[in-house]
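Have a look at the structure below before the remarks.
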Amino acid sequence: MGRTITEKVIETHLVSGRFIPGDEIGIRIDQTLTQDATGTMAYLQFESLNIPRVKTELSVSYIDHNTVQIGFENADDHRYLQSIAQKYGIYLSRPGNGICHQVHLERFGKPAKTLIGADSHTPTAGALGTLAFGAGGLDVALAMAGEPFYFTCPYVIRIVLTGKLPPWVSAKDIVLKVLDLFTTKGNVGCVFEYGGKGTAGLSVPERATIANMGAECGVTTSIFPSDEMTALFLKAQQREMDWVEIKADPDASYHRIVEINLSELAPLTARPHSPDNISTVRDMGEIEVNQVCIGSCTNSSYRDLATVATILRGKAVHPGVSLVVAPGSRQVLENLLRDGYLADLIAAGARLAENACGFCIGNSQSPRGKAVSLRTSNRNFPGRSGTRDADVYLVSPETAAAAAVTGRFTDPRDLGIPYPEIRMPKRFHIDDRMIIKPEDKPTTVEIYRGPNIGPPPKSDPLPETIAGVVTIKIGDNITTDHIIPAGRRMKYRSNIPKYAEFVFELPDKSFPERAKKARDEGKHNIIVAGLSYGQGSSREHAAICPMFLGVRAVIARSFERIHAANLINFGIVPLTFKEEGDYNRLEQGDSLEIPDIKRMIEEDGKITVKNLSQGTSFEVVCNLSARQKKILPAGGLLNLQKRDYI
Ligand code: MIC
Ligand code: SF4
């Protein structure tokens, strides 16, 4: 029987379990990446393992999220990260060098290798045929220590792309179509593997846009074959020696096969406030647009921005629109500059932002109140832009450029100009001086630790019984942006007591006070949630900060993969309702007791929740692997793992 790409890479890296979808497996990790917002905590955890040097083939620490630097905190964190990288054998990509996923694609990603990154969009590297996963910082810390990465062996879904993209329709429209078909829910435990003739015609940056937004569907990862297109890209990056071919066997079998005919696609948009709320651009009518932001790890490549520059050439941004352009990397910016495209952007009135996450995470360029903002990024969750009542639409660079010129939602095909055919450089201008190599003599490196950096908080072993209160009851699709906001709060990532003050800031500002009060009275806090709890980012702070506030269990209708893993890693029990109706019956403020939880987890027993306020009880399930059954009772992975290392 033939094998899929996913199966091939997993099999060459397997260290525990077998390729049986649904079972837990462990694989060897070749490469890791972190970014600064998740990285400080990951490295604090790594330090506590007492390992002298990373054990991976390559580890890179990127500084791209908190680059705004209002106050000393971000800059202090950057200095900490630089000293850690020097000491432990990690490459450091300096602030200004670009967004982690774009730079990793350009300079480090390799076909047929495994990569985990403390960022949910790490699967972007799937564009090169890398098997890449987003994970919590602690999982990345352990991979740097040489430990396997454990996850549920995935079901492989083949997405066959046929036909050819019509002019003005691009990779973003393909992935918005994927989101239309698969939505943001129900894809946990699956991998999207792309193939077909339509795939062969897509360049690596186009594939990267598609692999990037698989994260929004909640899949474990997305992967493309490594073929001639991959070889061309690596050659243009002067890395032809990194190319190896990897493709699925013709007789490989898949869990499901879905075909998308590229010739039939039209420009699409994801309407507020979810990436799967899809319409055609034409159906949007002539809505007035106030802001256009082009960039993020989804659409900030040379090709994307050269296309935008060509559309804007000789035109001016509409007076009602603020146009922001943030190139994905210094390499992209420098090549746009050398090839003349930057002049077109600036002449048209684009506001050039730093090569960083910036607007995408709401730490700059928040739109005005009630604005309509068109963005080429990947998430339009409520409030993520930094403006609570803004309406954010996700679009392609072509649709974004069209709106920047007309001031309205415009199908770019209606601009009446020829579609820009961008000639990609055969060789990019490459300059790696913003990437600092690790120090050869690690013992000479002093770790710099500013006052904003505290030790990772400790969690206690799981009690025999969880007894407490439903401190918050929330609905479906609660994202990690709801649980702990990023944006202007993100500078406290290394200061948990301070950052914890913002847990559930968007849906319920008073949560931290209530939780602290209950915790200080000796009660456990319990979160009750609907479907797909913990969508979105990989930020483990969405588990660490609730843990700090005394949260011991989350009872939800369903969980997203990375967040569920993070909860377990930090000793919070993820429980799923057995009966739908039990969610409806629970009230915020109810007193709950979960007797014998520790033993039930260890012995796979029946878990009953007693509702002391209502005098009722109901059943919940805790789906754990054998490994996780050890982690939770210990109060989290760090507690368990440290025993092996110290
Ligand atoms: C995001 O896009 O939400 C982030 C910010 O990149 C996060 C990581 C973080 O919260 O630091 C992610 O996607 O994992
Ligand atoms: Fe950065 Fe946005 Fe990409 Fe997250 S999604 S890594 S914030 S650019």
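The values are calculated or read from the model by the stated rules, or taken from the named source; none is laboratory data. Fair warning: this is a prediction, and the values are worked out from it, not measured in the lab. Positions of Cβ are backbone-derived with ideal geometry, glycine not excepted, and every protein chain shown enters the neighbour counts. Surface areas here come from the heavy atoms of the whole protein model, side chains and all, with no ligands, DNA or RNA. Shrake-Rupley method; radii C 1.70, N 1.55, O 1.52, S 1.80 Å.
Overview of values
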quantity: Cross-chain or 6+ apart pairs with Cβ under 9 Å, region 287-313 first and within 21 Å of residue 407 (Cα to Cα) and more than 16 Å from ligand 2 (Cβ to nearest atom), then open to solvent by less than 10 Å² (accessible area, probe 1.4 Å) and among the acidic types (Asp, Glu); calculated: 307/398; 308/398; 311/398
quantity: Total residues in region 398-434, condition part of a helix (DSSP H, G or I) and open to solvent by 50 Å² or more (accessible area, probe 1.4 Å); calculated: 2
quantity: Test: residue in region 333-353 that is under 19 Å from residue 291 (Cα atoms), touching a Phe, Trp or Tyr at 6+ places or on another chain (Cβ under 9 Å), open to solvent by 10 Å² or more (accessible area, probe 1.4 Å) and of a type outside the set (Val, Ile, Thr); calculated: yes
quantity: Where residue 275 falls short, out of the listed (1) closer than 15 Å to residue 400 by Cα; (2) within 16 Å of ligand 2 (Cβ to nearest atom); calculated: (1)
quantity: Matching residues in region 565-580 - criterion: being at pLDDT 95 or above and either open to solvent by 50 Å² or more (accessible area, probe 1.4 Å) or more than 17 Å from residue 151 (Cα to Cα) (or both); calculated: 571, 572, 573, 575, 576, 577, 578, 579
quantity: Residue in region 489-504 that is assigned to a loop (DSSP other than H, G, I, E, B) and acidic (Asp, Glu) present; calculated: no
quantity: Whichever residue in region 379-397 is in a loop (DSSP other than H, G, I, E, B) and under 14 Å from residue 292 (Cα atoms) and, among such residues, is nearest to the chain's Cα centre (by Cα); calculated: 380
quantity: Strands (runs of 3 or more DSSP E) wholly inside region 1-107 containing at least 3 residues that are over 29 Å from residue 449 (Cα atoms) and away from ligand 2 (no atom under 16 Å from the Cβ); calculated: 14-16, 24-27
quantity: From 377, 373, 366, residue being within 16 Å of ligand 2 (Cβ to nearest atom) and in contact with a Pro (Cβ under 6 Å, 6 or more places away or on another chain); calculated: 373
quantity: Search result, residues across region 261-307 that are open to solvent by 20 Å² or more (accessible area, probe 1.4 Å) and part of a helix (DSSP H, G or I); calculated: 263, 264, 282, 283, 284, 303
quantity: Every residue from region 146-162 that is open to solvent by 40 Å² or more (accessible area, probe 1.4 Å) and in contact with an Asp or Glu (Cβ under 7 Å, 6 or more places away or on another chain); calculated: 150, 152, 158
quantity: Region 203-233, residues that are more than 16 Å from ligand 1 (Cβ to nearest atom) and either open to solvent by less than 10 Å² (accessible area, probe 1.4 Å) or not in a helix (DSSP H, G or I) (or both); calculated: 203, 204, 207, 210, 223, 224, 225, 226, 227, 230
quantity: Residue ID - farthest from ligand 1 (Cβ to nearest atom), chosen from residues in region 537-564 that are assigned to a helix (DSSP H, G or I) and open to solvent by 30 Å² or more (accessible area, probe 1.4 Å); calculated: 548
quantity: Only one of 617, 625 that is at pLDDT 95 or above, outside any helix (DSSP H, G or I) and surrounded by 13 or more Cβ atoms within 10 Å (Cβ to Cβ); calculated: 617
quantity: Extreme residue, farthest from the chain's Cα centre (by Cα), among residues of region 119-175 that are within 16 Å of ligand 2 (Cβ to nearest atom) and assigned to a strand (DSSP E or B); calculated: 132
quantity: Whichever residue in region 398-410 is within 27 Å of the chain's Cα centre (by Cα) and of a type outside the set (A, V, I, L, M) and, among such residues, is farthest from residue 420 (Cα to Cα); calculated: 399
quantity: Positions within region 354-377 being in contact with a strand residue (DSSP E or B) (Cβ under 7 Å, 6 or more places away or on another chain), within 14 Å of ligand 1 (Cβ to nearest atom) and either part of a loop (DSSP other than H, G, I, E, B) or open to solvent by 10 Å² or more (accessible area, probe 1.4 Å) (or both), in sequence order; calculated: 376, 377
quantity: Whichever residue in region 478-519 is open to solvent by 50 Å² or more (accessible area, probe 1.4 Å) and touching a residue at least 12 places away in the same chain (Cβ under 8 Å) and, among such residues, is farthest from residue 553 (Cα to Cα); calculated: 488
quantity: Residues within region 234-245 that are more than 24 Å from residue 164 (Cβ to Cβ), out of contact with any Leu (no Cβ under 9 Å at 6 or more places or on another chain) and open to solvent by less than 70 Å² (accessible area, probe 1.4 Å), tallied; calculated: 2
quantity: Boolean, residue 472 is touching a residue at least 60 places away in the same chain (Cβ under 8 Å), under 13 Å from residue 40 (Cβ atoms) and among the aliphatic types (A, V, I, L, M); calculated: no
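Yes/no per residue for (1) of a type in the set (Gly, Ala, Ser); (2) closer than 19 Å to residue 173 by Cβ; (3) within 16 Å of ligand 1 (Cβ to nearest atom):
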site: 346; (1), (2), (3): no, no, no
site: 351; (1), (2), (3): no, no, no
site: 380; (1), (2), (3): no, yes, yes
site: 402; (1), (2), (3): yes, yes, no
